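Participant: Next up is a structure, given as structure tokens.
Laboratory data are not the source of any read-out in this text; all were calculated from the coordinates shown. Nothing here was measured: the structure is a model prediction, and the numbers come from that model. So basically every Cβ, Gly included, is an ideal-geometry build from the backbone, and we count neighbours across all protein chains shown.
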């Protein structure tokens, strides 16, 4: 069975359906569609979380999450973080498994999902730093993940407050399964070189497309093995 309902996921994880929906919002569980009023979840993501548990220690703050993602992506120095914190995060990354990253870094952004027309999608691309499948429109990024595409969707990072402003300006409609994903952050310093490769890989793990999740996991494993 490739899909399960929120009720089945709650029973498997020993939590409430409200908690299941929160885990979908943080990316720890992957939604694969809606049938009627029922949200379907990717069964593999439920089983993974059942094995790992929903806790691997306290989640990082947004700033620490982005520092870790930058370090994992090959940035040797992060000037806006003190040396003590950098050393602590380097040690943590050297000891942890890739599967821990989605949980520890889940506070890296506030995620808002909408639906928009094709012409609005095109216009929104000028307002975001693309990530996940949308980042594959860049040939170099696509080659790193072995993926192509990025058309028809918007998935990107914006500064805090921009999601609401863009929603109003472009008439975006709230939709959990929509074609627009806006990820709000306050840590602008993390994006001076674009979205870190580790963040793109991490965001791909939230995809409902198996091929995209597999590519994200492969790149994360490569980045961890290079630490």
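Participant: Between residue 139 and residue 50, what length comes free when the chain is fully extended (0.36 nm per residue of separation minus the Cα-Cα distance, one decimal in nm)?
Facilitator: Numbers: separation 89, 0.36 × 89 = 32.04 nm, distance 3.61 nm.
The residue 139-residue 50 span can extend by a further 28.4 nm.
Participant: Starting from the 7 Å offset along Cα-to-Cβ, what nm value, one decimal, do you get for the label separation of residue 58 and residue 177?
Facilitator: Spacing of the two 7 Å Cα→Cβ label points: 3.9 nm.
Participant: Here's something else I'd like to know. Multiplying the sequence separation of residue 97 and residue 7 by 0.36 nm and subtracting their Cα-Cα distance, what value in nm do you get?
Facilitator: Values: separation 90, 0.36 × 90 = 32.40 nm, distance 2.90 nm.
Contour length minus Cα-Cα distance gives 29.5 nm.
Participant: As a test of the formula, what do you get for the chain when each DSSP H run with n ≥ 4 contributes -39,500 (n - 2.57) and the sum is divided by the residue count, at 222 nm and rounded to the nearest 500 deg cm²/dmol?
Facilitator: On the way: 11 runs with 102 residues, N = 227.
Per the formula, -13000 deg cm²/dmol.
Participant: Can you give me the distance in nm between label points at residue 168 and residue 225, each placed 7 Å from the Cα along the Cα-to-Cβ direction?
Facilitator: 4.9 nm
Participant: Let me ask something else about it. Could you list 208, 83, 32, 188 in order of exposure, starting from the residue whose Cβ has the fewest other Cβ atoms within 10 Å?
Facilitator: Working: 208 16, 83 9, 32 20, 188 12.
Sorted ascending by nearby Cβ count, the order is 83, 188, 208, 32.
Participant: Arranged by the count of other C-beta atoms within 10 angstrom, fewest first, what order do 80, 66, 60 take?
Facilitator: Numbers: 80 12, 66 27, 60 21.
Ascending Cβ contact count within 10 Å gives the list 80, 60, 66.
Participant: Exposure proxy check: 158, 121, 20 ranked by fewest other beta carbons within 10 Å? Show your work: numbers first, answer last.
Facilitator: On the way: 158 21, 121 18, 20 26.
Fewest to most other Cβ atoms nearby, the residues stand as 121, 158, 20.
Participant: Right, here's the next one. At 7 Å along Cα-to-Cβ for each site, give me the label-to-label distance between residue 126 and residue 189 in nm.
Facilitator: Each label point lies 7 Å from its Cα, and together they span 3.1 nm.
Participant: Multiply the residue gap between residue 211 and residue 87 by 0.36 nm, knock off their C-alpha separation, and tell me the result in nm, one decimal place. Kindly include the intermediate steps, with their values, before the conclusion.
Facilitator: Values: separation 124, 0.36 × 124 = 44.64 nm, distance 3.45 nm.
Net length gain for the segment: 41.2 nm.
Participant: Does region 105-192 come out rounded, prolate or oblate, given a ≥ b ≥ c as the square roots of the eigenvalues of its C-alpha gyration tensor, rounded meaning a/c under 1.5 and, failing that, prolate meaning a/b above b/c? Please list the in-between numbers first.
Facilitator: Values: a/c = 1.79, a/b = 1.16, b/c = 1.54.
Verdict is oblate for region 105-192.
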